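**Student:** Dumping the structure here so I can ask a few things about it.
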């Protein structure tokens, strides 16, 4: 899966939380996706906030996310992962990342060359 690069022009004083990839697609039962979170601060700097945010699945029967931001499929369907950073700004920041889980019946052979 190719990484999605988000870009935005921030006005002076603006603050933004970004998550890459912006959408997660999990197509096998062994699929997983790491979420990377950055904070574009009002001071113009970009900070890695992946370890400092909280991750929460809106529907854990479809996909779950661990504290490090790794998303795992549970069953076919769609949900969102809520990413919250309560310390980036006084009011906090939140981003919802859509998750699509499909083809869980598809088996992928194990390869000892790549695993």
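**Student:** Keeping to region 21-37, report how many residues are within 18 Å of residue 67 (Cβ to Cβ) and surrounded by fewer than 19 Cβ atoms within 10 Å (Cβ to Cβ).
**Tutor:** 3
**Student:** With without any contact (Cβ under 8 Å) to a residue 24 or more places away in the chain and closer than 21 Å to residue 17 by Cβ as the only criterion, which of 99, 110, 80 stands out?
**Tutor:** Result: 80 is the single residue among 99, 110, 80 that is without any contact (Cβ under 8 Å) to a residue 24 or more places away in the chain and closer than 21 Å to residue 17 by Cβ.
Readers should treat all values here as calculations from the given coordinates under stated rules, not as data from a laboratory. Remember, it's a predicted structure, so these values are computed and weren't measured experimentally. Every residue, glycine as well, gets a Cβ built from its backbone with ideal geometry; the counts of neighbours run over all protein chains shown.
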